[in-house]
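Data first, discussion second: the structure below is written as structure tokens.
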Amino acid sequence: MEAETLVNYDRTKELKDFDETKAGIKGLVDSGIVNIPKMFIRPAQELAEELVNPCQKNTEVPTIDLSNIEEASRRKQIVDQVRVASEEWGFFQVINHGIPLSVLDEMIDGVKKFNEQNLELKKEIYSRDPKMKVKFNSNYDLYTSHTADWRDTLTLSFLDSDPDYNEMPEVCRKPAMDYIKCMKKLGVTLFELLSEALGLQPDHLGSLGCTRGCSIVCHYYPACPQPELTLGVRKHADAGILTLLLQNEISGLQVLREGQWFDVQPIRGALVVNIGDLLQMISNDKFKSVKHRALATPVGPRISVPCFFSGHATLLDHPFGPIKELTSEANPPRYKEAVLKEYIAKFLSGALDKKAPIDYYKI
Ligand code: OGA
Ligand code: NI
């Protein structure tokens, strides 16, 4: 950035003015802007790197078919596919997972309706309060990150309680309740498969509390007039245990593998699954938590609904670390034990583009 623009540019004021509108990115787009505000523009060096590192089109993130999972021989195949994908990609898509298409379609539609309803109703729950279970905002790390992202988010966070119908925003109540129920059920199946893929008893990860407590994060990415200058979500790895993600038909999600970006192409009815930092940690680096991002798109809205499994509140004071069965003299633990409460505090005080909480525990 040139010296002159640095002097004249008050970033904090720009962030604050934007935040105070409580209208998010959609508010900017609705006001008819043609050029995106400076707070969203990625540094020149990052934009230059983009040009020399185009997205790879020839290989795809694995897709795993979960049909007939109850047959022993099919299950073994599926477990093998889950192991390879979790070790090599940290990402895979699942199809024939048993969740009705209508539940997924209605969730996407519910997110659209929430964002496109009367602004006053969204403003009522616009907040950055970590204690609020249901809240709407743009960029949870708006004030701590280097560059803001092009997305608005409705968070439904139920780490320590069952979701409550009456707490949900009215326009998407039923879809959200149904979606959460289905995600929890699929989560149980996936944690069994992941346990088996680690060579453990099927209930091992479940018995550690992995299947309990989840947050649903509804991202709404309005069409962007200058998509090449910003991102929908910056490069990051997910800090929790496991993420299941539903996306609409607009592609934008990309995964970093061996220094190159790969699209995670939307498949109707599929869910994207990715390993989070905590699962990488407790698997002692056998499974990989891989960096990913979402592009800003010229058409929109792109909608995605990740469900983050991050452990239950009853586990907050418990220390956890690499699973004993997965370490040995030849393969010693690569992480110190962590306390979930402290880990979460580190995540909340940082930003997506800053030091990852897991890095504090590496040996
Ligand atoms: C996230 C994320 C990607 C997407 O919320 O952690 O990676 O496609 N989202 O929205
Ligand atoms: Ni993510």
### Message
As a test of the formula, what do you get for the chain when each DSSP H run with n ≥ 4 contributes -39,500 (n - 2.57) and the sum is divided by the residue count, at 222 nm and rounded to the nearest 500 deg cm²/dmol?
### Response
-9500 deg cm²/dmol
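In the neighborhood of D263, defined by Cβ-to-Cβ distances under 10 Å, what is the net charge if each Lys or Arg adds +1 and each Asp or Glu adds -1?
Spelling it out: positives minus negatives among the neighbours equals 0.
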### Query
Which percent, to the nearest 5, of DSSP beta bridges fully inside segment 2-361 are antiparallel?
90
#### Entry: Across K184/K286; K133/K286; K174/K355; K235/K341; K57/K235; K131/K181, pairs whose alpha-carbon gap is larger than 28 Å
K133/K286; K174/K355
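Longest exposed-loop-site-free stretch of the chain, with chymotrypsin sites (Phe, Trp or Tyr not before Pro), DSSP loop and at most 14 other Cβ within 10 Å?
By the stated rule (loop sites, at most 14 other Cβ atoms within 10 Å), 144-363.
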## Note on the structure
Spelling it out for G276: with amide H atoms placed in the peptide plane at 1.01 Å from N, the residues 5 or more places away or on another chain with amide H under 5 Å from its amide H are L242, T243
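Counting only protein heavy atoms and using a 1.4 Å probe, what share of the accessible area of the chain belongs to carbon plus sulfur, as a whole percent?
In the chain, the share of accessible area belonging to carbon and sulfur is 54 percent.
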### Query
Say a paramagnetic label sat at a point 7 Å from the Cα of V339, along Cα to Cβ; which residues of segment 270-313 have their backbone N under 12 Å from it?
none
### Query
Could you give the accessible area per residue of the chain, probe 1.4 Å, as a whole number in Å²?
47
### Query
For the chain, list the DSSP H helices whose alpha carbon atoms reach 20 Å or more along the long axis and whose average Kyte-Doolittle value is -1.0 or above?
72-88, 101-116, 173-197
### Estimated distance in nm for a label pair at D317 and S207, the labels positioned 7 Å out from Cα along Cα-to-Cβ
2.4
### Task
Just tell me the longest site-free run in the chain, where the sites are trypsin sites (Lys or Arg not before Pro) in a DSSP loop having at most 14 other beta-carbon atoms within 10 Å.
132-267
### Query
So how far apart, in nm, are the two label points at E46 and I95 if each is 7 Å from Cα heading toward Cβ?
3.4
### Task
Filter the GluC sites (Glu not before Pro) in segment 275-363 to those in DSSP coil with at most 13 other Cβ atoms within 10 Å of their Cβ, and list the result.
E329, E337
### Query
Once label points are set 7 Å from the Cα along Cα→Cβ at both N35 and K185, what is their separation, rounded to one decimal in nm?
5.2
#### Entry: For segment 238-248, 3J(HN,Hα) per residue [Karplus equation, 6.51 cos²θ - 1.76 cosθ + 1.60, θ = phi - 60°, Hz, x = Gly/Pro]
6, 7, x, 8, 8, 10, 10, 10, 9, 10, 7
#### Entry: Segment S67-D129, length gained on full extension (0.36 nm per residue, minus Cα span)
18.2 nm
### Estimated FRET transfer efficiency when R0 is 30 angstrom, pair Y360-L121 (beta carbons, to 0.05)
0.15
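The values are calculated or read from the model by the stated rules, or taken from the named source; none is laboratory data. The structure displayed is predicted, hence computed values, not measured ones. Cβ atoms come from the backbone with ideal geometry, glycine included; neighbour counts cover every protein chain shown. To get the accessible areas, we keep the full protein, side chains included, count just its heavy atoms, and leave off ligands, DNA and RNA. Shrake-Rupley method; radii C 1.70, N 1.55, O 1.52, S 1.80 Å.
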